[in-house]
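Peer 1: Once you've had a glance at the structure underneath, I'll fire off some questions.
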Protein chains: 2
Amino acid sequence: MLDLTQDVRTLTAAIVDVESVSGAERVLADEVERALGALPHLTVDRSGETVVARTALGRAERVLIAGHLDTVPVHANLPSRVEGDLLYGCGTSDMKAGVAVALKLAAMVPEPNRDVTFVFYDCEEIEAERNGLTRVARDHAGWLAADFAVLMEPTDGVIEGGCQGTLRADVLVTGKRAHSARSWFGVNAIHGIEPVLARLNAYQARQPVVDGLRYHEGLNAVGVRGGVAGNVIPDSCVVTVNYRFAPDLGLTEAREHVREVFDGFEVSFTDGAPAARPGLTHPVAAAFTAAVGGEPRAKLGWTDVARFAALGVPAVNYGPGDPNLAHQQGEYVSLSKIVESERAMLDWLTK
Amino acid sequence: MLDLTQDVRTLTAAIVDVESVSGAERVLADEVERALGALPHLTVDRSGETVVARTALGRAERVLIAGHLDTVPVHANLPSRVEGDLLYGCGTSDMKAGVAVALKLAAMVPEPNRDVTFVFYDCEEIEAERNGLTRVARDHAGWLAADFAVLMEPTDGVIEGGCQGTLRADVLVTGKRAHSARSWFGVNAIHGIEPVLARLNAYQARQPVVDGLRYHEGLNAVGVRGGVAGNVIPDSCVVTVNYRFAPDLGLTEAREHVREVFDGFEVSFTDGAPAARPGLTHPVAAAFTAAVGGEPRAKLGWTDVARFAALGVPAVNYGPGDPNLAHQQGEYVSLSKIVESERAMLDWLTK
């Protein structure tokens, strides 16, 4: 069982070392459920691999602190290792350091100044429809009721407002099959994606300012597949692209943009999640900002603040990890940043 | 059981309708083995899904008649259907029409003027190391001893000499992983294959004349794969290319050529089979040419004549199918060409 009395830094390492790639979070979810279930001041619920724990002190305000348990695929970067102030390993930054801080708060603050709901959920790193928060919002919306939410995604200890939207689309090129020994009777669909890649390579990403925060878009291929057999000219090739868009665009406008970029090609959309405008003007958000300090900035990665926004819960991103390291093989987190983050959150819930 | 007394045209349709994609030839091989085993003038052997049947009449010459039982993947083109003189369906041209002619000869000519070895083998359409003829040449070389071989690959009823070689290579592009929301921290390997495709699109294929026959080369992508997850900038993308080369190049020279085309990229070779020069100057080949008639031409597709050449058995391609239709969804064979081919082969073995 996870020992929640240990230092937040060693707790982070312990959580990182429980591999939990999207879809395979069960072992970690079980450990989290058992550890929280042992705390008498919390009510613990479970849905799939998502664990929700709540105080019920009758406070005037309820805040929600959330983190996802899953990581991108391991890439020869487990188990974790410490070098000086840095803890290396898959999921250190995105976002097991944040999960560790939340678990410490759950264990260390039996009587917080606001009621607190802790949410540890699954499948954040993959298709939106498998996301644990989507499922809980649908099946147990009451569990997520709150006046304000802090999502502990990596922000380098800075409050990040809003988030960019994301969508995935398949760009299809068709051709005509033929035997590869007489290729001139066919039309090679793989060769046909050259202009798709040329448009991606030439693409100039926007960096718009929205509600005072600067965003940075991106349009990238994240997958390509084509080929029938080793001796057949392929008649189909699909480039899967991912568009990350600023919160001045709705999902519909973002789709239109992608259609325009790939004008002349067959485009089909497979997945999408809207952006969220920065929510920092809300009074509860302002209170959190005052407690934690620092200058808020724009959130570039899509995060579930957009899901909380859709539920009517204002939410910000705030966590000890460095967002620029997420999903990289060399991912790490600063141990002192984890301690700083724990202290700031502790102040907020106790002072 | 296959009825070998039926007309060669309906026999072809019956064989086409027994689906036998590479690696799944068992049902058809069983039917062929049972049908040949019922003929008292033949000795039948089996290795995996390859069936070999021989006469043993003590003739001065032994000829070998061969065909592969497998097809490329079915593409909504089974069962077969007849339209006028054409039989449509997967494998009609490449090469179940040739297999049907060989089976008819086995059944109809109990006392041929030359001893005959019939070879029906598996896995011709996929990697060389799985090819049934490779396996039999290694494990039962004696079964393939002959003075001359006719491989009944589709040639449109014309004798085709030699064959082009084939090799497959993986062209690897590497990059650097990053979260796709902050793509500028990564290097997108899928975007990086644009110049690989540009070289393929710009490629000018050679059409050299070798021993009097004109060949036609081709260099094509037959597969592409890249992508880690829907939100990760991919750090690796592989384009699999297939080079079909004329018999004036050895396998080593062909590999050098591919390395030159993709200079600056990491190229690794996964599969290769040498070309065979036209073998028509051999006396036994000349006898066959005289019997069948027509003007020999170059074989563009790689065929197992190269394997027979390696065993010291001169071999030609000759069959009723149209090679230009092989591996296409709309593949068909002319029923009257099957009958012509049966008659020519019958004359050769009986007159």
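The values are calculated or read from the model by the stated rules, or taken from the named source; none is laboratory data. Only a predicted model underlies this, so the values are computations on that prediction, with no experimental measurement involved. Don't worry about glycine lacking a Cβ; one is built from the backbone with ideal geometry, like all the others, and counts go over all protein chains shown.
Peer 1: Which of the numbered conditions does A:G264 fail, given that it passes all the others? Conditions: (1) more than 30 Å from A:D17 (Cα to Cα); (2) crowded, with 22+ Cβ neighbours inside 10 Å.
Peer 2: Failing condition for A:G264: (2).
Peer 1: If you don't mind, another one. Can you find, within the range A:229-239, the residue that is farthest from B:G186 (Cα to Cα) among those that are more than 7 Å from chain B (Cβ to nearest Cβ) and not hydrophobic (A, V, I, L, M, F, W, C)?
Peer 2: Of everything passing the filter in the range A:229-239, A:D235 is farthest from B:G186 (Cα to Cα).
Peer 1: Let me ask another. Residue check: is A:G98 at pLDDT 95 or above, small (G, A, S) and at positive phi?
Peer 2: On the way: at pLDDT 95 or above: yes; small (G, A, S): yes; at positive phi: no.
Spelling it out, it is not the case that A:G98 is at pLDDT 95 or above, small (G, A, S) and at positive phi.
Peer 1: Out of the residues in the range B:165-180 that are small (G, A, S) and in a strand (DSSP E or B), which is farthest from B:G230 (Cα to Cα)? Break it down stepwise before answering.
Peer 2: Our first condition is that a residue be small (G, A, S); within the range B:165-180, this holds for B:165, B:169, B:175, B:178, B:180.
Those left that are additionally in a strand (DSSP E or B): B:165, B:169, B:178.
Details: B:G165: 39, B:A169: 27, B:A178: 12 Å.
Applying the filter and picking the extreme gives B:G165.
Peer 1: Which ones in the range B:272-294 are modelled with pLDDT under 90 and touching a Ser or Thr at 6+ places or on another chain (Cβ under 8 Å)?
Peer 2: Listed by number, the residues that qualify are B:A273, B:L280.
Peer 1: Quick one: count up the residues across the range B:181-215 that are closer than 23 Å to B:D248 by Cα, assigned to a loop (DSSP other than H, G, I, E, B) and facing chain A (nearest Cβ under 9 Å).
Peer 2: Selection size over the range B:181-215: 1.
Peer 1: Can I ask one more? Of everything in the range A:180-218 that's among the charged types (D, E, K, R) and without any contact (Cβ under 8 Å) to a residue 40 or more places away in the chain, which residue is nearest to B:N242 (Cα to Cα)? Please lay out each step first, then the result.
Peer 2: In the first step, residues of the range A:180-218 are kept if they are among the charged types (D, E, K, R); the result is A:182, A:194, A:199, A:206, A:211, A:214, A:217.
Next, from what is left, pick out any that are without any contact (Cβ under 8 Å) to a residue 40 or more places away in the chain: A:182, A:194.
Numbers: A:R182: 12, A:E194: 18 Å.
Checked the range A:180-218; the qualifying residue nearest to B:N242 (Cα to Cα) is A:R182.
Peer 1: Give the range B:165-175 a look and list any residue that's more than 9 Å from every other protein chain (Cβ to nearest Cβ) and hydroxyl-bearing (S, T, Y), or say none. Walk me through it before giving the result.
Peer 2: Step one: filter the range B:165-175 for residues more than 9 Å from every other protein chain (Cβ to nearest Cβ), giving B:165, B:167, B:169-175.
Once the filter is applied, which keeps residues that are more than 9 Å from every other protein chain (Cβ to nearest Cβ) and hydroxyl-bearing (S, T, Y), the range B:165-175 yields only B:T174.
Peer 1: Looking only at the range B:135-164, filter to residues that are crowded, with 24+ Cβ neighbours inside 10 Å and part of a strand (DSSP E or B); which one of those is nearest to the other protein chains (Cβ to nearest Cβ)?
Peer 2: Looking at the filtered set, the residue picked out is B:C163.
Peer 1: Would you point out the residue of the range B:14-63, among those that are touching a Phe, Trp or Tyr at 6+ places or on another chain (Cβ under 7 Å) and assigned to a strand (DSSP E or B), that is farthest from B:I126 (Cα to Cα)?
Peer 2: Filtering first and then ranking leaves B:V63.
Peer 1: Looking at the range B:217-228, can you tell me whether even one residue there is more than 9 Å from chain A (Cβ to nearest Cβ) and surrounded by 21 or more Cβ atoms within 10 Å (Cβ to Cβ)? Before you say what the answer is, go through the steps one by one.
Peer 2: Applying the first criterion (more than 9 Å from chain A (Cβ to nearest Cβ)) to the range B:217-228 yields B:217.
Filter once more, so that each one left must be surrounded by 21 or more Cβ atoms within 10 Å (Cβ to Cβ): B:217.
The answer is yes; a qualifying residue exists.
Peer 1: Step by step: first the residues of the range A:102-120, then only those that are among the β-branched types (V, I, T) and touching a Phe, Trp or Tyr at 6+ places or on another chain (Cβ under 9 Å), then the one that is nearest to A:L28 (Cα to Cα). Which residue is that?
Peer 2: Applying the first criterion (among the β-branched types (V, I, T)) to the range A:102-120 yields A:109, A:116-117, A:119.
This time we only want the ones that are touching a Phe, Trp or Tyr at 6+ places or on another chain (Cβ under 9 Å), so: A:117, A:119.
On the way: A:T117: 19, A:V119: 14 Å.
My answer is A:V119.
Peer 1: When the range B:229-241 is examined, which residues are found to be crowded, with 24+ Cβ neighbours inside 10 Å and either on the phi > 0 side of the Ramachandran plot or touching a Leu at 6+ places or on another chain (Cβ under 8 Å) (or both)?
Peer 2: B:C237, B:V239, B:V241
Peer 1: Being surrounded by 22 or more Cβ atoms within 10 Å (Cβ to Cβ), more than 7 Å from chain A (Cβ to nearest Cβ) and not charged (D, E, K, R) is the requirement here; does B:A178 meet it?
Peer 2: Details: surrounded by 22 or more Cβ atoms within 10 Å (Cβ to Cβ): yes; more than 7 Å from chain A (Cβ to nearest Cβ): no; not charged (D, E, K, R): yes.
Here the answer is no, as B:A178 does not meet what is asked.
Peer 1: Would you tally the residues in the range A:260-310 being aromatic (F, W, Y) and under 20 Å from B:H179 (Cβ atoms)? So that I can check it myself, show each step before the final result.
Peer 2: Residues of the range A:260-310 aromatic (F, W, Y): A:262, A:265, A:269, A:288, A:302, A:308.
Pick out the ones that are also under 20 Å from B:H179 (Cβ atoms) and you get A:302.
Total satisfying the criteria: 1.
Rundown of residues vs (1) more than 12 Å from B:M152 (Cα to Cα); (2) in contact with a strand residue (DSSP E or B) (Cβ under 6 Å, 6 or more places away or on another chain); (3) touching a residue at least 40 places away in the same chain (Cβ under 8 Å); (4) surrounded by fewer than 24 Cβ atoms within 10 Å (Cβ to Cβ), yes/no style:
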{"position": "B:G84", "(1), (2), (3), (4)": "yes, no, no, yes"}
{"position": "B:M95", "(1), (2), (3), (4)": "no, yes, yes, no"}
{"position": "B:V101", "(1), (2), (3), (4)": "no, no, yes, no"}
{"position": "B:A106", "(1), (2), (3), (4)": "yes, yes, yes, no"}
{"position": "B:D115", "(1), (2), (3), (4)": "yes, yes, yes, yes"}
{"position": "B:F120", "(1), (2), (3), (4)": "no, yes, yes, no"}
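Peer 1: Looking at the range B:72-123, which of the residues that are out of contact with any helix residue (DSSP H, G or I) (no Cβ under 7 Å at 6 or more places or on another chain), outside any strand (DSSP E or B) and of a type in the set (D, E) is farthest from B:T50 (Cα to Cα)?
Peer 2: In this case the residue turns out to be B:E111.
Peer 1: Related question: Just one of A:A13, A:A38 is among the small types (G, A, S), within 27 Å of A:L335 (Cβ to Cβ) and touching a residue at least 40 places away in the same chain (Cβ under 8 Å); which is it?
Peer 2: Answer to the selection: A:A13.
Peer 1: Of all residues in the range A:181-216 being surrounded by fewer than 19 Cβ atoms within 10 Å (Cβ to Cβ) and of a type in the set (A, V, I, L, M, F, W, C), which is farthest from B:T174 (Cα to Cα)?
Peer 2: A:V210
Peer 1: Going through B:A137, B:A60 one at a time, which residue ends up being within 17 Å of the chain's Cα centre (by Cα) and more than 16 Å from B:V18 (Cα to Cα)?
Peer 2: Details: B:A60 fails: within 17 Å of the chain's Cα centre (by Cα).
On inspection, the qualifying residue turns out to be B:A137.
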